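Step one of this worksheet: look at the structure below.
The values are calculated or read from the model by the stated rules, or taken from the named source; none is laboratory data. These numbers were taken from a predicted model, which means no experiment stands behind them. Heads up, the Cβs are rebuilt from the backbone with ideal geometry, glycines too, and the neighbour counts pull from every protein chain shown. Ligands, DNA and RNA are excluded from the accessible area calculation, which covers all protein heavy atoms including side chains. Shrake-Rupley method; radii C 1.70, N 1.55, O 1.52, S 1.80 Å.
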Amino acid sequence: MTTITTTTTTEPRVATDPLEGVRTRCGRILLTGAAGNLGRVLRERLTRYCDVLRLSDLAALDEVRDGEESMRCDLADAAAVDALVRGCDVIVHLGGVSVERPFEEILPANIAGVYHVYEAARRHGVRRVVFASSNHVTGFYRQDELIRPEDPPRPDGYYGLSKAFGEQLARFYFDRYGIETVSVRIGSSFLEPKDRRMLTSWLGYDDLEQLVRRAMFVPKVGCLVVYGVSANRDWWWDNEAAAARLGYVPAQTSEPWRARIENEQPPLPETDPIRRYQGGAFVVAGPFGD
Ligand code: NAI
Ligand code: 15L
């Protein structure tokens, strides 16, 4: 199997930073999915970019601190989402089902949910959304393929399909209403990579923050899709758009974990779909309830 290896990882690929001279602070940011893994990470980091960080989740949230407010909300509830979005300048939309699940669970949270977010954004004049999309939009590309965001989606399940829907919804709301979106197809964003696949798909938390900050504040992004991945040794995703359009230069890499993971975890057989496809275990999740 061919592996794509980068020749350079940390050299800046943009001549001028599109954020140069741009104010990276706004009035109110809405963070959905704030009780989740990445929500908790970004909660700590986004207050410095706004006067008020509005936290929301279906699950209970910890007590609010200075500069925060919280509104518990089910994304499936259109009226509740409308109230949630009112008064916000930017939406960082992380909320929803984050793994492969039966369609009946994905539909209200991820499909109706993202629709409710954009409808509320339209009604309340929100001009920018950062959408937490996923590498599972393209999970059925092979691990020996290098793909670009504009290549056709090949979702690896209902979850990946719901993210593809969100990206297309973002496109519609830009073309029709001018609402700008950066859809970030996040790879694997955890404190550290957990397995061989994540050595390629890992996105460190500092790089996540950098991407979200750029996605919120770089002027005139239009409707953009990028991958959320750190400067790992091997790449499946051509992320030139993230560099060129957002000025994203990842500063983290999965290399410090390589030796331990490769020693502890023998490679799967080459014919195993979990090794063959970029989506890893998601490509064999389900069917549910047979
Ligand atoms: P998570 O599962 O920890 O957090 C998702 C949050 O959404 C949870 O707190 C959950 O309570 C909330 N939620 C679920 N259904 C909801 C509903 N109907 N209404 C309101 N809130 C609801 O996931 P994580 O890891 O924090 O991911 C955040 C986002 O980033 C998700 O959209 C996920 O799909 C996306 N993503 C994450 C990746 C990662 O490596 N962590 C990779 C690719 C995408
Ligand atoms: C995702 O989309 C999931 O939300 C996350 O939990 C990870 O499984 C990640 O993809 C991944 O592909 O590793």
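Specify the residue with the greatest mean-square fluctuation among 195, 175, 66, computed from a Gaussian network of the chain linking alpha-carbon atoms under 10 Å apart.
66
Working from the pairwise distances between different alpha carbons, so that the mean of 1/r is found and then inverted, what is the chain's Kirkwood radius in Å?
Evaluated on the chain, it is 19.3 Å.
Given 10 °C and 1.306 mPa s, compute D for the stretch 133-290 with the Stokes-Einstein relation, Rh being the Kirkwood radius over Cα pairs; round to the nearest whole µm²/s.
It diffuses with D of about 98 µm²/s by this estimate.
Per the 1.4 Å probe, what fraction of the accessible area of the stretch 200-262, in percent, lies on carbon and sulfur atoms?
53
Counting Lys and Arg as +1 and Asp and Glu as -1, each charge on the Cβ, what is the dipole of the chain about the Cα centre in debye, to the nearest 20?
The calculated dipole for the chain is roughly 680 debye.
Could you check which residue among 279, 95, 36 shows the biggest mean-square fluctuation in a GNM of the chain with a 10 Å Cα cutoff?
Among 279, 95, 36, the largest mean-square fluctuation in the Gaussian network model of the chain belongs to 36.
How far apart, in nm, are two points set 7 Å out from the Cα along the Cα-to-Cβ line at residue 260 and at residue 191?
With each label placed 7 Å out from Cα toward Cβ, I get 1.1 nm.
Say a site is exposed when it is one of the GluC sites (Glu not before Pro), sits in a DSSP loop, and has at most 14 other Cβ atoms within 10 Å; what is then the longest site-free stretch of the chain?
Between the exposed loop sites, the longest stretch runs 151-269.
Compare the Cα positions of 35, 174, 285 along the charge dipole of the chain (+1 at Cβ of Lys, Arg; -1 at Cβ of Asp, Glu; about the Cα centre) and return the one farthest towards the positive end.
Working it through, the farthest residue towards the positive pole turns out to be 174.
What value in Å³ per residue do you get for the convex hull of the alpha-carbon atoms in the stretch 186-273?
96
Assuming 0.36 nm per residue, please report the length gained on full extension of the stretch residue 79 to residue 119 beyond their Cα-Cα distance.
13.3 nm
Filter the trypsin sites (Lys or Arg not before Pro) in the stretch 24-63 down to the DSSP loop ones having no more than 13 other Cβ atoms within 10 Å, then list what survives.
25
Mind pulling the per residue volume of the convex hull built on the Cα atoms of the stretch 1-142? Å³ is fine.
So the per-residue hull volume is 154 Å³.
Tell me the label-point distance for the pair residue 17, residue 272, using the 7 Å Cα-to-Cβ offset, in nm and rounded to one decimal.
4.2
Go ahead and run the numbers for FRET between residue 176 and residue 251, Cβ-Cβ distance against an R0 of 41 Å, rounding to 0.05.
That gives a FRET efficiency of 0.65.
Over the Cα atoms of the stretch 87-172, compute the convex hull volume and normalise it per residue, giving Å³.
Per-residue hull volume (Cα only) is 93 Å³.
So what's the back-of-envelope 222 nm ellipticity for the chain, counting only DSSP H runs of four-plus at -39500 (n - 2.57) apiece and dividing by all residues, rounded to 500?
About -9000 deg cm²/dmol.
Would you mind working out the accessible area per residue for the chain, using a 1.4 Å probe, and quoting it in Å²?
On a per-residue basis, 45 Å².
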